[in-house]
1. Considering each of Asp112, Asp76, Asp144 in turn, give the residue that is within 26 Å of Thr314 (Cα to Cα) and of a type in the set (Asp, Glu).
2. How many residues are within 14 Å of ligand 1 (Cβ to nearest atom) and charged (D, E, K, R) if we restrict to region 186-210?
3. Can you tell me which residue within region 275-329, out of those that are assigned to a strand (DSSP E or B), within 14 Å of Ala340 (Cβ to Cβ) and within 13 Å of ligand 2 (Cβ to nearest atom), is modelled with the highest pLDDT?
4. So for region 220-240 (the condition being in a helix (DSSP H, G or I), aliphatic (A, V, I, L, M) and more than 16 Å from ligand 1 (Cβ to nearest atom)), does at least one residue qualify?
5. For Thr272, are the conditions met, namely being within 10 Å of ligand 1 (Cβ to nearest atom), hydroxyl-bearing (Ser, Thr, Tyr) and not in a helix (DSSP H, G or I)?
6. Just one of the numbered conditions (1) away from ligand 2 (no atom under 16 Å from the Cβ); (2) among the acidic types (Asp, Glu); (3) out of contact with any His (no Cβ under 8 Å at 6 or more places or on another chain) is not true of Asp237; which one?
7. Is it the case that Ser357 is farther than 30 Å from Leu153 by Cβ, within 20 Å of the chain's Cα centre (by Cα), surrounded by fewer than 24 Cβ atoms within 10 Å (Cβ to Cβ) and not basic (Lys, Arg)?
Amino acid sequence: MPSPLRVPRPLMFVLFWAVLMFNGLFVWIVLQPGPATSAAPTNHEPSRPLEGEASRFEFRQTHMGSEFTLILYSADEAKARRGSDAAFARIAQLDAAFSDYQPESELMRLCDQAGGPPVKVSSDLLSILNRSKSMAQRSGGAFDPTVGPVVRLWRRARRTRELPGADLLAKARDFVGIDKMTLDDQAGTVQLARKGMKLDLGGIAKGFASDEALATLRRQGIRQALVAGAGDIAAGDPPPGAKGWTVGIAPLEAPGARPSRFLALSHACVSTSGDAERFVVIDGVRYSHIVDPGTGLGLTRRASVTVVTNDGATSDSLATAATVLGPEQGLKLVESVPNAAALFVIKEGGKTKAIESSRWKTLPTASPKSEKAAAVVPTD
Ligand code: AMP
Ligand code: MG
């Protein structure tokens, strides 16, 4: 069982440094203090919450190759533990279904039957494939869950530091295309047209899972909660006395520096895509782990996109799609998605530029005065 961090209210200014980094773009989750509380805690013991007062709990577990963090408020520790156990169990269940690393996952068993008749799948798998297909169609194929064979070549390139051969890339690209995946909601089936097709949900699964974990907590009666699956965050009701969970975006020029922009988010999901951590440099060119399905090549443009929407599957897949498309077309895509907002950060000719979508400018902002005095705990 994970041990929760129980934090006395007066100290809980900033306890969570999430997760997202692109060449200096950090997104921090900052927990704002509640309304002025009584006495400061002693140096020796955490103060006990008043009867009925919600305490803050934090739990972490690794799933989908990333650390998931749950932060929640509850007046009842047993309820907090039950809630977090259920939320992590839900994430583990989705990992077992969606993984493209585990040969026994439902996704990989489906791929084993590519080229054959329609295959009955779980409602979770059908649901995420529906979400993936609609983002593939919306984005003109910039986001494409059938991109697996190409992604695998780039994973190998990261290990060997050699570019995939042109013939191998051409072969892999033959398996890619959203029209090769047929979904039947009535029958609950998926059909993959060609033997050798491989689905990859890496660009959508963590956002979907963070949102599902938040819904699980809600069903357990825990509403003041935030779930962060690495760079994919789902926020529920705000912390006590706060207008939202403060998400700070640090300036690009000074990685790790104090964030310069802060959003106050509740009932919203945030995702960032970029090439901060996973990339390979070959012959002086930096290739991202995100590939352009149109060319089969890892992205070489230095860019990162942070998206805010109402649900995690959309924010995650839209961030990936917008990264592939770049600021011009990506912005058009974001503007076309209801309630979506995005911040593009691009680096061109040594200069960093930030571009905001129209809705980004309307997002509630925060100015955490407490931030200076805060403790920051990195999670990555
Ligand atoms: P994200 O960090 O959400 O942008 O997802 C990146 C992951 O999505 C990669 O590691 C691949 O597994 C997968 N991926 C890469 N390129 C694409 C793409 N064009 N469409 C969909 N998934 C992709
Ligand atoms: Mg994504």
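1. Asp144
2. 3
3. Quick first cut of region 275-329, residues assigned to a strand (DSSP E or B) only: 279-282, 285-288, 291-292, 297-298, 302-309.
Remaining after also requiring within 14 Å of Ala340 (Cβ to Cβ): 305-309.
Filter again for within 13 Å of ligand 2 (Cβ to nearest atom), leaving 305-307, 309.
Numbers: Val305: 90, Thr306: 91, Val307: 94, Thr309: 97.
It comes out as Thr309.
4. No: zero hits.
5. Here the answer is yes, as Thr272 does meet what is asked.
6. (3)
7. No, not satisfied.
Okay, residues lined up against (1) of a type in the set (Lys, Arg); (2) touching a residue at least 40 places away in the same chain (Cβ under 8 Å); (3) away from ligand 1 (no atom under 12 Å from the Cβ):
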position	(1), (2), (3)
Gly284	no, no, yes
His289	no, yes, no
Arg301	yes, yes, yes
Val307	no, no, no
Ala313	no, yes, no
Asp316	no, yes, no
Leu325	no, yes, no
Leu331	no, no, yes
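The values are calculated or read from the model by the stated rules, or taken from the named source; none is laboratory data. Everything numeric here is computed off the predicted structure, so don't read it as measured data. Cβ atoms come from the backbone with ideal geometry, glycine included; neighbour counts cover every protein chain shown.
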